[in-house]
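Q: To start, I am sharing the structure in question, which I have written as structure tokens.
Taken together, the values in this text are just the output of simple stated rules run on the coordinates, not laboratory data. Keep in mind that this is a model prediction, so the values were computed, not measured. Every residue, glycine among them, receives a Cβ derived from its backbone with ideal geometry; neighbour counts consider all protein chains shown.
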């Protein structure tokens with residue numbers, strides 16, 4: 001039987017969003033799947049309310065080298081082995097994701113941020129088939145029109161010791177993604193070998209970094225072959241990436257775009273969409289979905 005776990009880094013300001021995600025995981029994930037929520041030490045008590053038989057709350061320091069020390073009264077962390085530049089919060093979160101995924105003994109881990117909710121039941125086989133983990137990959141989607149993605153690609157190639165290449169590149173960025181923990185461990189070992197230092201130190205010193213891109217480039221250009229044989233361009237998640245808050249009306253139009261293959265939806269926390277609007281939109285969608293006759297749902301999938 002295929003084993004699956006879910007990993008979510010979060011923090012205090014996103015607690016309510018994470019609570020909604022946690023509920024949706026309990027409603028839709030396989031009963032055997034554990035949901036690992038990783039938070040800063042000062043948020044452990046708050047997130048402890050979510051702990052249960054299928055929900056495990058972790059301290060983020062458990063997934064960081066001891067040389068990583070939080071700066072008092074600051075958003076930054078310092079790596080004592082390489083104190084400058086300080087580790088930015090978003091880079092630290094990506095290091096935590098990588099470390100947690102590498103520590104997993106499951107067949108597949110699914111990384112989901114706090115602003116996602118599952119809207120449909122799923123199984124481990126949604127992300128795993130023929131001993132291969134689903135690999136999100138959009139060929140030729142990254143060029144000069146996506147300058148930040150270009151920087152992420154160059155950084156990934158440098159960390160992996162690969163020669164520069166010319167765009168267009170594949171896009172590996174999506175709102176919810178599956179990783180093979182065995183591949184993550186191989187990838188981080190290569191980063192350590194190329195850099196001559198612990199992989200976390202090599203990544204922490206960068207101002208721009210994408211964990212999705214690092215994994216994607218490693219699978220495509222280092223492993224290739226069978227490792228990327230379960231390729232899909234379907235993110236399985238309807239996503240609102242914009243920074244404009246949704247209203248009840250625009251949220252309704254957003255959910256009208258759900259595809260039959262979508263098992264989740266994401267309204268970015270950066271959009272500052274009011275919590276009551278988000279919750280109302282998800283509740284309306286769930287009510288509509290549950291009212292759909294079973295035969296109709298079967299024909300739509």
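Q: Kirkwood Rh over alpha-carbon pairs of segment 190-249, then Stokes-Einstein at 37 °C and 0.692 mPa s: what D in µm² s⁻¹, rounded to an integer?
A: 220
Q: Nearest 0.05, what FRET efficiency do residue 80 and residue 192 give at R0 = 22 Å with Cβ-Cβ as r?
A: The computed FRET efficiency comes out at 0.80.
Q: Then there's this: Could you please rank 115, 130, placing first whichever residue has the fewest other Cβ atoms within 10 Å of its Cβ?
A: 130, 115
Q: Still on this structure: Can I get the semi-axes of segment 91-198's equivalent ellipsoid? Compute them from the C-alpha gyration tensor as square roots of 5 times the eigenvalues, in angstrom, largest first.
A: Equivalent ellipsoid of segment 91-198: 24, 19, 14 Å, largest first.
Q: How big is D, in µm² s⁻¹, for the chain by Stokes-Einstein at 4 °C and 1.567 mPa s if Rh is the Kirkwood radius over C-alpha pairs?
A: It comes out at roughly 64 µm²/s.
Q: Using alpha-carbon positions, what is the distance between the centroids of segment 107-131 and segment 152-171, in Å?
A: Here the two parts' Cα centres lie 27 Å apart.
Q: What is the Cα radius of gyration of segment 138-249 over 2.2 N^0.38 Å, N being its residue count?
A: Output field value: 1.15.
Q: How big is the Kirkwood radius of segment 1-82, worked out from every pair of different alpha carbons and given in Å to one decimal?
A: 13.9
Q: Compute the angle between helix 181-195 and the longest alpha-carbon principal axis of the chain, please, reported from 0 to 90 degrees and rounded to the nearest 10.
A: Orientation of helix 181-195: about 30 degrees from the principal axis.
Q: Right, something else. Between the helical axis of 275-291 and the dominant principal axis of the chain, each derived from Cα atoms, what acute angle in degrees is found, rounded to the nearest 10?
A: 60
Q: Same structure, new question: At what distance in angstrom do the alpha carbon centres of segment 216-236 and segment 2-21 lie from each other?
A: Rounded to whole Å, the Cα centres lie 25 Å apart.
Q: Still on this model: Under the definition of Cα pairs under 8 Å and six or more residues apart, what whole-number percent is the relative contact order of the chain?
A: Relative contact order, the chain: 19 percent.
Q: So how do 68, 282, 47 line up by other beta-carbon neighbours within 10 Å, fewest first?
A: Ordered by Cβ neighbours within 10 Å, fewest first: 282, 68, 47.
Q: log₁₀ I(q)/I(0) of segment 181-295 at q = 0.11, 0.24 Å⁻¹, via Debye over equal Cα point scatterers, no solvent, to two decimals?
A: So the normalised log intensities are -0.60, -1.27.
Q: Right, here's the next one. What is the angle, in °, between the Cα long axis of helix 15-28 and the longest principal axis of the Cα atoms in the chain? Nearest 10 is fine, range 0 to 90.
A: That helix lies at roughly 70 degrees to the long axis.
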